[in-house]
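A.B. asks: Dropping a structure here in structure tokens format, bear with me for questions.
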Amino acid sequence: MTIKDKVIIITGASSGIGAASAQLLAANGARVVLGARRADRLQAVVDTIEAAGGQAVYRVTDVTKAADLQALVALAKTEFGRVDVLFNNAGIMPTSPISALHTTEWQQMIDINLTGVLNGVAAIMPEFTAQKSGQIITTSSVAGIKSFSGAGVYGATKFAVRNLMEVIRMESAEEGTNIRTVSLYPAAINTELLTTITDQTAKQNMTDFYAAVGITPDAVARVVNFAIDQPEDVNVNEFTIYPTKQV
Ligand SMILES: NC(=O)c1ccc[n+]([C@@H]2O[C@H](COP(=O)([O-])OP(=O)(O)OC[C@H]3O[C@@H](n4cnc5c(N)ncnc54)[C@H](OP(=O)(O)O)[C@@H]3O)[C@@H](O)[C@H]2O)c1
């Protein structure tokens, strides 16, 4: 099965990479199930998709809550009968130097960027194991494959999900459950992500940098589309997405 008619759950679908992916995948015939915390923004994405003739539903979802991910999977099954892809995309990036000790933000990044992904994996694994197929896509970051000053904890969460995706891929191959995994490593993509930075120096530096080199989130959406569109026996599983101008 290619993208058409696949049922695809997307977290962090209310803006940025998630919203762009939802729109592209739905335009190509997927049935998308959207989760994030802001209902008005999710409704706007659904409206845009439906106005273009696509199929989409949403449920307000906080990825830090395991029950919310279970409910999102249940919604997909109720509305569309099955799940083919889980796209773990929700994330925040309140970067700051470790010496600033923004420990509350450290914990929020762990809860959303790492535990949020684990909650998605836990919710979908019984489905994918039982049906012996499925694809789990996770938005890591270039900060998940190399280190950046200011991204000590953010990068730690993104390195962690990279390892998680690779181990799921390996164990599924060993167990014969045909679960494919994809890790995305975007660089500077112009979204709402920088609004999560509270450290004013870090925010200004990032804002200037993104203004200089950033590209639009549909660049990532096209990669997601490509990965999902591969035949079932092909697992394309790691992608960096850089602006051409970014060093
Ligand atoms: N933009 C970049 O340069 C870049 C680079 C590398 C990696 N990434 C990663 O890309 C992913 C998407 O970010 P983006 O760039 O598209 O930024 P964005 O526009 O800020 O989108 C982030 C999404 O995550 C959702 N979210 C945040 N906390 C959540 C929670 N607790 N539960 C559910 N949803 C939550 C937000 O929706 P609500 O606020 O409505 O919940 C929003 O839909 C993130 O994982 C980010 O780390 C981005």
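The values are calculated or read from the model by the stated rules, or taken from the named source; none is laboratory data. Quantities reported herein were computed from a predicted structural model and do not represent experimental measurements. Please note: Cβ atoms are built from the backbone with ideal geometry, for glycine as well, and neighbour counts cover all protein chains shown.
A.B. asks: Among the listed residues V153, V167, which satisfies the condition of being without any contact (Cβ under 8 Å) to a residue 40 or more places away in the chain and either in a helix (DSSP H, G or I) or in contact with a Cys (Cβ under 7 Å, 6 or more places away or on another chain) (or both)?
C.D. replies: It is V167.
Okay, residues lined up against (1) farther than 19 Å from A221 by Cα; (2) of a type in the set (G, A, S):
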residue	(1), (2)
K4	no, no
S14	no, yes
A44	no, yes
V73	yes, no
G81	yes, yes
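A.B. asks: Looking at region 10-28, which of its residues are closer than 18 Å to G120 by Cβ, part of a loop (DSSP other than H, G, I, E, B) and more than 10 Å from the ligand (Cβ to nearest atom)?
C.D. replies: Correct list: empty.
A.B. asks: Let me ask something else about it. Give me the pairs, please: first residue somewhere in region 100-124 and within 23 Å of Q200 (Cα to Cα) and without any contact (Cβ under 8 Å) to a residue 60 or more places away in the chain, second residue anywhere and in a helix (DSSP H, G or I) and away from the ligand (no atom under 15 Å from the Cβ), beta-carbon distance under 9 Å, and either six or more positions apart or on two chains.
C.D. replies: W106/I98
A.B. asks: Moving on. Among the listed residues A90, A76, identify the single one that is part of a loop (DSSP other than H, G, I, E, B) and closer than 24 Å to R180 by Cβ.
C.D. replies: Sole residue among the options that is part of a loop (DSSP other than H, G, I, E, B) and closer than 24 Å to R180 by Cβ: A90.
A.B. asks: May I pose another question? In the list D233, D218, which residue meets the criterion of being surrounded by 14 or more Cβ atoms within 10 Å (Cβ to Cβ) and either of a type in the set (D, E, K, R) or out of contact with any helix residue (DSSP H, G or I) (no Cβ under 7 Å at 6 or more places or on another chain) (or both)?
C.D. replies: Result of the check over D233, D218: D218.
A.B. asks: Now, a different point. Restricting attention to region 74-82, does a residue exist that is within 30 Å of I110 (Cβ to Cβ) and within 14 Å of the ligand (Cβ to nearest atom)?
C.D. replies: No.
A.B. asks: How about region 1-60: which of its residues are in contact (Cβ under 8 Å) with a residue 60 or more places away in the chain and of a type outside the set (A, V, I, L, M, F, W, C)? Break it down into steps so the answer makes sense when it comes.
C.D. replies: Of all residues in region 1-60, those in contact (Cβ under 8 Å) with a residue 60 or more places away in the chain come to 1-3, 6-13, 15-21, 23-25, 28, 30.
Selection gives T2, K6, T11, G12, S15, G16, G18, S21, Q23, N28.
A.B. asks: Please go through region 39-71 and give me each residue that is in contact with a strand residue (DSSP E or B) (Cβ under 8 Å, 6 or more places away or on another chain), assigned to a loop (DSSP other than H, G, I, E, B) and either of a type in the set (A, V, I, L, M, F, W, C) or within 11 Å of the ligand (Cβ to nearest atom) (or both), ordered by number.
C.D. replies: T61, V63
A.B. asks: Which count do you get for residues in region 191-238 that are farther than 19 Å from G12 by Cα and within 15 Å of the ligand (Cβ to nearest atom)? Can you show your working first?
C.D. replies: Our first condition is that a residue be farther than 19 Å from G12 by Cα; within region 191-238, this holds for 198-214, 226, 229-238.
Remaining after also requiring within 15 Å of the ligand (Cβ to nearest atom): 198, 202-203, 205-214, 238.
Counting residues in region 191-238 that are farther than 19 Å from G12 by Cα and within 15 Å of the ligand (Cβ to nearest atom) gives 14.
A.B. asks: Quick one: in region 1-54, of everything that is at pLDDT 95 or above and among the polar types (S, T, N, Q), which residue is surrounded by the most Cβ atoms within 10 Å (Cβ to Cβ)?
C.D. replies: S21
A.B. asks: Separate question: Just one of K203, K245, K158 is of a type in the set (D, E, K, R) and surrounded by 21 or more Cβ atoms within 10 Å (Cβ to Cβ); which is it?
C.D. replies: Criteria check complete, one pass: K158.
A.B. asks: Evaluate region 197-218: report whether one residue or more is in a helix (DSSP H, G or I), in contact (Cβ under 8 Å) with a residue 60 or more places away in the chain and under 15 Å from the mean Cα position of the chain (by Cα).
C.D. replies: Step one: of region 197-218, the residues in a helix (DSSP H, G or I) are 200-213, 218.
From the residues that got through so far, the ones that are in contact (Cβ under 8 Å) with a residue 60 or more places away in the chain too are 202, 206, 218.
Okay, now just the ones that are also under 15 Å from the mean Cα position of the chain (by Cα), so 218.
Scanning region 197-218, I find at least one residue that is in a helix (DSSP H, G or I), in contact (Cβ under 8 Å) with a residue 60 or more places away in the chain and under 15 Å from the mean Cα position of the chain (by Cα), so the answer is yes.
A.B. asks: Only one residue in M165, M206 is farther than 19 Å from A90 by Cα and not polar (S, T, N, Q). Which one? Even if it seems obvious, please write down each step before you answer.
C.D. replies: Working: M165 fails: farther than 19 Å from A90 by Cα.
After ruling out the rest, the residue left standing is M206.
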